[in-house]
Amino acid sequence: MTDKNDPDEMPRGLARGLTNYGDRDFSLYLRRSFAKSMGYSDEMLERPIVGIVNTASGYNNCHRGLPELIEAVKRGVLTSGGLPIEFPTISLGEVFLNPTSLMFRNLMAMDTEEMIRAQPMDAVVLVGGCDKTVPAQLMGAASADLPALQLVAGPMMTGRYEGERLGACTDCRRFWADFRAGRVDAARISEIEGNLATTFGTCAVMGTASTMACIAETLGMTLPGTAAIPAVHADRLRAAEATGAQALETARLGLTPSRLITEQAVENALRVLLALGGSTNGILHLTAIAGRMGIQISLLRLNELSDTTPVLVNLKPTGVGYMEDFHAAGAMGTLLRELAPVLHLDCLSVTGETLGERLKSAPGHVDRAVIRSREEPFEAVGGLVALFGNLAPGGAILKRSAADPALFESTGRAVVFTSLEDLADRIDSDDLDVKADDILVLQNAGPKSPSGMPEAGYIPIPKKLAQAGVRDMVRISDCRMSGTAFGTIVLHVTPEAAVGGAIGLVQNGDEISLSIANKSLILNINEEELERRRQATPPRPATPDRGYAKLYADHVTQADQGADFDFLMASP
Ligand code: FES
């Protein structure tokens with residue numbers, strides 16, 4: 001009698017998950033026959049299989065180096081006695097997708113989950129890096145719950161322009177703001193355009209891709225020490241080979257994502273997000289990943305952690321450095337050592353080692369200009385803070401480490417844009433009634449809006465104010481912003497306008513109060529007036545009638561739930 005739950009009794013390699021023809025032996029015979037058509041020997045077809053997810057695409061500049069990386073993974077798998085089999089999933093090149101890559105993160109997660117589950121493999125290496133890729137792969141792998149190892153693409157190197165070091169994409173935004181304000185002319189911006197992203201790899205700063213790579217390492221889903229290795233560095237290829245070589249051991253140890261992505265590991269990842277001064281998207285994606293394990297992230301808990309976790313990393317957009325500096329400064333090993341007193345050290349990684357065991361190794365070189373000690377932090381409190389109030393009963397997020405402290409306690413007059421189209425039409429109009437101490441509000445750009453929560457929360461400073469020297473204003477929306485952006489920008493307002501949230505009821509001239517000290521976001525309108533407006537202002541959610549857009553509109557959750565699909569989240 002065989003026990004289906006005994007690993008020794010479970011089919012492995014090509015015999016896993018047979019195609020159903022009603023005759024198991026025939027199914028395996030046919031599968032082996034077709035596999036042999038690809039030139040595999042019997043010896044290879046007897047081996048356990050490591051699937052390798054390939055997310056390279058002509059529409060994804062960040063993943064241009066993946067073919068070489070995957071060859072290195074294969075070398076590692078072969079040396080460990082496995083058969084590496086590469087397979088594609090969709091690829092999400094951040095700047096090539098309309099209306100926004102976030103809309104396709106859940107599609108990629110479904111693709112990843114279903115292909116891991118449907119195809120025969122004993123372990124899987126997830127290769128990718130661009131913003132939505134690592135979240136999608138971790139979400140999919142978490143739901144599939146097969147032993148999985150994340151291998152990130154690695155960050156781009158910086159370029160040079162007139163002696164200045166540049167990296168995508170904090171510098172992209174800084175120069176664009178200068179161009180809008182008339183401080184940079186058209187010829188110069190065109191030259192700069194060619195010097196911002198000069199190698200393959202993910203954005204060079206602590207944007208979303210870098211943040212998620214560091215979160216993946218903190219969750220134990222990568223090999224230790226691999227999150228920050230630059231994409232073009234030879235160590236990146238060695239990390240790929242080592243990841244391939246580790247995969248079958250991870251499977252042998254039964255280290256499925258559900259054993260790694262625990263409540264404690266998620267809390268560690270929140271600490272790291274805060275200490276990095278990481279992307280605001282990081283909280284959205286981590287919430288979605290945790291949600292696949294039935295773990296709920298409370299924004300109130302985020303605030304507690306934020307008040308006791310200093311920012312230790314001096315990278316753009318919070319500070320001045322780039323990811324290559326973080327790598328050279330000691331990277332995640334150094335950061336985790338600094339945070340160790342507040343981390344859960346029993347959490348496991350794909351190696352089977354606990355975090356505490358990992359951190360016992362010698363620290364190596366540390367550059368304190370890039371990674372500060374807890375005693376001398378870059379900022380005393382964490383990078384992100386959640387805000388609550390009648391304007392955001394379900395919470396909103398502000399990256400205080402990349403905001404102007406002079407605006408932390410602000411009360412101002414609302415200047416409202418009712419949609420992205422309205423924003424594009426009027427933001428630079430000479431007739432726009434706006435002053436530097438006003439608060440810009442963008443409505444109808446959340447998950448259920450027609451735009452699907454794009455990175456439009458970095459509302460441009462109105463041209464006439466930019467030209468007058470204004471560099472920051474309080475901006476509020478129900479959408480997101482790029483992890484590479486900076487400014488006093490309130491995002492992810494929940495509930496969003498498209499489902500009747502109060503942000504959709506704000507009118508020009510209303511008074512709004514932001515207080516970082518109180519962690520509050522208040523629309524200074526009484527409840528009766530708000531209710532009157534609610535009755536008179538029906539929500540305007542997207543109503544596509546077919547395809548993936550309909551699936552998305554019908555099932556995407558609010559930002560505080562990670563904007564995952566309701567039917568993919570696990571029960572708490
Ligand atoms: Fe791919 Fe920034 S565009 S990480």
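The values are calculated or read from the model by the stated rules, or taken from the named source; none is laboratory data. These figures come from a predicted structure and were not determined experimentally. Backbone-built Cβ (ideal geometry, glycine too); neighbour counts: all protein chains shown.
For (1) more than 14 Å from the ligand (Cβ to nearest atom); (2) within 17 Å of the chain's Cα centre (by Cα); (3) farther than 19 Å from T55 by Cβ, each residue gets a yes or a no:
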| position | (1), (2), (3) |
| --- | --- |
| D131 | no, yes, no |
| A142 | yes, yes, no |
| G159 | yes, no, yes |
| E162 | yes, no, yes |
| A168 | no, yes, no |
| G182 | yes, no, yes |
| E193 | yes, no, yes |
| L196 | no, no, yes |
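When you go through E68, E86, E94 one by one, which is the residue that is crowded, with 23+ Cβ neighbours inside 10 Å, among the acidic types (D, E) and either within 30 Å of P544 (Cα to Cα) or away from the ligand (no atom under 16 Å from the Cβ) (or both)?
E94
Please find, among P155, P135, the residue that is more than 23 Å from G17 (Cα to Cα), in contact with a strand residue (DSSP E or B) (Cβ under 6 Å, 6 or more places away or on another chain) and within 13 Å of the ligand (Cβ to nearest atom).
So the residue among P155, P135 that is more than 23 Å from G17 (Cα to Cα), in contact with a strand residue (DSSP E or B) (Cβ under 6 Å, 6 or more places away or on another chain) and within 13 Å of the ligand (Cβ to nearest atom) is P155.
If you check T226, T222, T202, T218, which single one turns out to be touching a residue at least 12 places away in the same chain (Cβ under 8 Å), within 16 Å of the ligand (Cβ to nearest atom), buried (at least 24 other Cβ atoms within 10 Å of the Cβ) and not small (G, A, S)?
Being touching a residue at least 12 places away in the same chain (Cβ under 8 Å), within 16 Å of the ligand (Cβ to nearest atom), buried (at least 24 other Cβ atoms within 10 Å of the Cβ) and not small (G, A, S) holds for just one of T226, T222, T202, T218, which is T202.
Is it the case, given these coordinates, that G51 is more than 16 Å from the ligand (Cβ to nearest atom) and surrounded by 22 or more Cβ atoms within 10 Å (Cβ to Cβ)?
Against the criterion (more than 16 Å from the ligand (Cβ to nearest atom) and surrounded by 22 or more Cβ atoms within 10 Å (Cβ to Cβ)), G51 qualifies.
Within the bounds of the range 396-416, is there any residue that is loosely packed, with under 15 Cβ neighbours inside 10 Å, under 26 Å from the mean Cα position of the chain (by Cα) and small (G, A, S)?
The answer is no, given that none of the residues of the range 396-416 is loosely packed, with under 15 Cβ neighbours inside 10 Å, under 26 Å from the mean Cα position of the chain (by Cα) and small (G, A, S).
Output yes when any residue across the range 376-386 is under 29 Å from L149 (Cα atoms) and not small (G, A, S), and no when none is.
Yes, because at least one residue in the range 376-386 is under 29 Å from L149 (Cα atoms) and not small (G, A, S).
More than 30 Å from S80 (Cα to Cα), touching a strand residue (DSSP E or B) at 6+ places or on another chain (Cβ under 6 Å) and either at pLDDT 95 or above or aromatic (F, W, Y) (or both): is that true of L270 in this structure?
Judged against the criteria, L270 is not a match.
Within the range 470-490, how many residues are in a loop (DSSP other than H, G, I, E, B), touching a residue at least 60 places away in the same chain (Cβ under 8 Å) and either among the aliphatic types (A, V, I, L, M) or within 16 Å of the ligand (Cβ to nearest atom) (or both)?
The qualifying residues number 8.
Kindly indicate whether any position in the range 76-86 is β-branched (V, I, T) and without any contact (Cβ under 8 Å) to a residue 60 or more places away in the chain.
Yes: one or more hits.
Of (1) part of a loop (DSSP other than H, G, I, E, B); (2) modelled with pLDDT of 95 or more, G319 satisfies all except one. Which?
(2)
Among the listed residues A209, A177, identify the single one that is more than 14 Å from the ligand (Cβ to nearest atom) and part of a helix (DSSP H, G or I).
A177
Out of the residues in the range 491-535 that are of a type outside the set (A, V, I, L, M, F, W, C) and in a strand (DSSP E or B), which is farthest from the chain's Cα centre (by Cα)?
Restricting to residues being of a type outside the set (A, V, I, L, M, F, W, C) and in a strand (DSSP E or B), the top hit is E511.
Could you grab the pairs with beta carbons closer than 7 Å, sequence gap of 6+ or different chains, first residue in the range 114-139 and without any contact (Cβ under 8 Å) to a residue 60 or more places away in the chain and small (G, A, S), second one away from the ligand (no atom under 14 Å from the Cβ) and in a helix (DSSP H, G or I)?
A136/A109; A136/T112
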